[in-house]
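Worksheet: the structure to be examined is printed underneath.
The values are calculated or read from the model by the stated rules, or taken from the named source; none is laboratory data. Every value quoted in this text rests on a predicted model; they were computed, and no experiment measured them. So basically every Cβ, Gly included, is an ideal-geometry build from the backbone, and we count neighbours across all protein chains shown.
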């Protein structure tokens, strides 16, 4: 009878073969699992405060104010700037004015560092080819409409027309004029913005047209302002944060700027659906919506991750004076 047992010299080879097969299966499993994961964003508000190295290394003073109870919820994904966004101007603009100084440390298509000074923000925008890189004011934003530019005609308001209904918000033009100039300019089409697909700066069209709400978190906020709908896009420039001590995230309906760090805001913004004090001094409040009902309803739609399953968009934004 033939001996069917394997020669002893084969055993090490067989063991190695089994090990290689097992390793290959494990790697395949990891790749398949990773492919199903939701993208992680960092352009926008975090649902809870994030510990910094300083708070880990150095304990707060005994009388230091503790975070509010609202800040103890589990962390959620964050969005470019509230999903991980490359900043605007990521693609070189061949048709943009070549106004960038030759000695500029900023290059076209390179993301802006966080926490730039106002002067550096202007320098960065100019390097991207921004026609308004040196500055954009309320006067520029109101261009072509004298009645809108006259404060005596009433309080400045924005009506955000969405596919779920209108959201009317007061705008704080006296307290944060730069932020309001940016928002009004993008809404009216007086603020130039960069169109990556066309590779040029648009100077006569509203930015907030058919823009989706790309990040929605129940009991927190709804975020929009990126035409690409990914949370990674923007208008091709950044603006300086404006903080007023009287403007806080005090409850539902607060209109505030999304960002990925200090002085990195641009077009993305969010509307709160509850009190969120941990966002104070991190995200610039620039308005308050009179009736947050639509925003609250929007925050409760079905989502995959934090993205609405059924698309909800801003059809347009109207800017008005109301007495």
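Observations on the structure shown:
- Every condition in (1) at pLDDT below 95; (2) surrounded by fewer than 15 Cβ atoms within 10 Å (Cβ to Cβ); (3) within 29 Å of residue 313 (Cα to Cα) is met by residue 101 except one, and the failing one is (3).
- Residue in segment 278-293 that is surrounded by the most Cβ atoms within 10 Å (Cβ to Cβ), counting only those that are farther than 12 Å from residue 45 by Cβ and touching a helix residue (DSSP H, G or I) at 6+ places or on another chain (Cβ under 9 Å): 286
- Strands (runs of 3 or more DSSP E) wholly inside segment 158-204 that include at least 2 residues being within 20 Å of the chain's Cα centre (by Cα) and more than 15 Å from residue 143 (Cα to Cα): 165-171, 193-195
- Just one of the listed residues (322, 317) is crowded, with 17+ Cβ neighbours inside 10 Å and either out of contact with any helix residue (DSSP H, G or I) (no Cβ under 6 Å at 6 or more places or on another chain) or within 20 Å of residue 167 (Cα to Cα) (or both), and it is 317.
- Residue count for segment 237-265 satisfying the condition of being in a loop (DSSP other than H, G, I, E, B), under 20 Å from residue 211 (Cα atoms) and touching a helix residue (DSSP H, G or I) at 6+ places or on another chain (Cβ under 8 Å): 3.
- Test result for residue 129, assigned to a loop (DSSP other than H, G, I, E, B), at positive phi, modelled with pLDDT of 95 or more and crowded, with 17+ Cβ neighbours inside 10 Å: yes
- Scanning segment 270-309 for residues that are part of a strand (DSSP E or B) and closer than 20 Å to residue 116 by Cα yields a single hit, 285.
- Conditions (1) surrounded by fewer than 16 Cβ atoms within 10 Å (Cβ to Cβ); (2) outside any helix (DSSP H, G or I); (3) modelled with pLDDT of 95 or more; number of the one not met by residue 116: (1)
- For the condition at pLDDT 95 or above, closer than 22 Å to residue 295 by Cα and assigned to a loop (DSSP other than H, G, I, E, B), residue 215 does not qualify.
- Failed item, numbered, when residue 272 is tested on (1) touching a strand residue (DSSP E or B) at 6+ places or on another chain (Cβ under 8 Å); (2) more than 13 Å from residue 221 (Cα to Cα): (2)
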